[in-house]
Amino acid sequence: MASILGVETLQHTNGTTAATIDSSGLVLQPTKPFFQISKLASSGQGGTNGHLSFNTIHENQGTDWDTSNHYFVAPVNGVYQFNLLGFSCNSNGGLRSATASTSLNLEVYTSGSWVIEAQVYAIVQSSDYHIPLNASHTTKLSAGDKFRYNVTNGYLYYNNDATYRYLSASGFMVG
């Protein structure tokens, strides 16, 4: 025998709304971890490498993106999705030289050390160019684990154009 439970709001006993169901059946989760960030220059352009720092927070639902240390901290055990959009460049934001590569590590801090979970490469084959370097990564994290982006070779481009967000990242909890 099937049962039907008709509710509009799911709440914790402390009153925090965990989910709502609208009249069309869409489930909204206002506290589910989500961030969207970018790096902008105060003027001009530049190239950045190493452990990436992002200076513009567009969304930080749950405040799980640590704006001081520039990494995500998992609030609970679960599966998480992380993304990065960028372009390779030289140290001052100019075109990357032919045959040069740029590499990005997607790193997780767990059990006391940073571990590389994935690496992404962009290689300029012929003439000087800004080659796209994009990453998408899904991983299972435990509460308190951290996630960051780290450019280990070459640079990623950023400038002062907030419209296009040439260097941006996002992440969210899948479930």
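Here are a few things to note about the model shown:
- Among residues of region 7-18, those that are assigned to a strand (DSSP E or B) and over 30 Å from residue 69 (Cβ atoms), counted: 3
- Remark: residue 53 matches the filter, which requires a residue to be polar (S, T, N, Q), closer than 21 Å to residue 153 by Cα and free of Cβ contacts under 8 Å to residues at least 40 places away in the same chain.
- Within region 86-105, tally of residues that are open to solvent by 20 Å² or more (accessible area, probe 1.4 Å) and touching a residue at least 60 places away in the same chain (Cβ under 8 Å): 3
- Just so you know, in region 127-146 the residues that are farther than 19 Å from residue 87 by Cβ and of a type outside the set (Gly, Ala, Ser) include one that is surrounded by the most Cβ atoms within 10 Å (Cβ to Cβ), and it is 141.
- Scan of region 106-142 for residues that are under 17 Å from residue 69 (Cα atoms) and in contact (Cβ under 8 Å) with a residue 12 or more places away in the chain, ordered by number: 106, 107, 108, 109, 110, 114
- Pairs meeting the criteria (first residue in region 2-25 and within 18 Å of residue 61 (Cβ to Cβ), second residue among the hydroxyl-bearing types (Ser, Thr, Tyr) and part of a loop (DSSP other than H, G, I, E, B), beta carbons under 9 Å, at least 6 apart or on different chains) are 16/31; 17/31; 18/31; 19/31.
- Residues that are open to solvent by 20 Å² or more (accessible area, probe 1.4 Å) and more than 14 Å from residue 31 (Cα to Cα), drawn from region 60-74: 66, 67, 68, 69, 70, 71, 73
- Picking from residues in region 152-175 that are under 24 Å from residue 28 (Cα atoms) and part of a strand (DSSP E or B), the one that is most open to solvent (accessible area, probe 1.4 Å) is 172.
The values are calculated or read from the model by the stated rules, or taken from the named source; none is laboratory data. If you're wondering where the values come from, they're calculated on a predicted model, not measured in any experiment. For neighbour counting, all protein chains shown are included, and Cβ atoms are generated from backbone atoms with ideal geometry for every residue, glycine included. Keep in mind that these areas ignore ligands, DNA and RNA; they rest on the heavy atoms of the full protein, side chains included. Shrake-Rupley method; radii C 1.70, N 1.55, O 1.52, S 1.80 Å.
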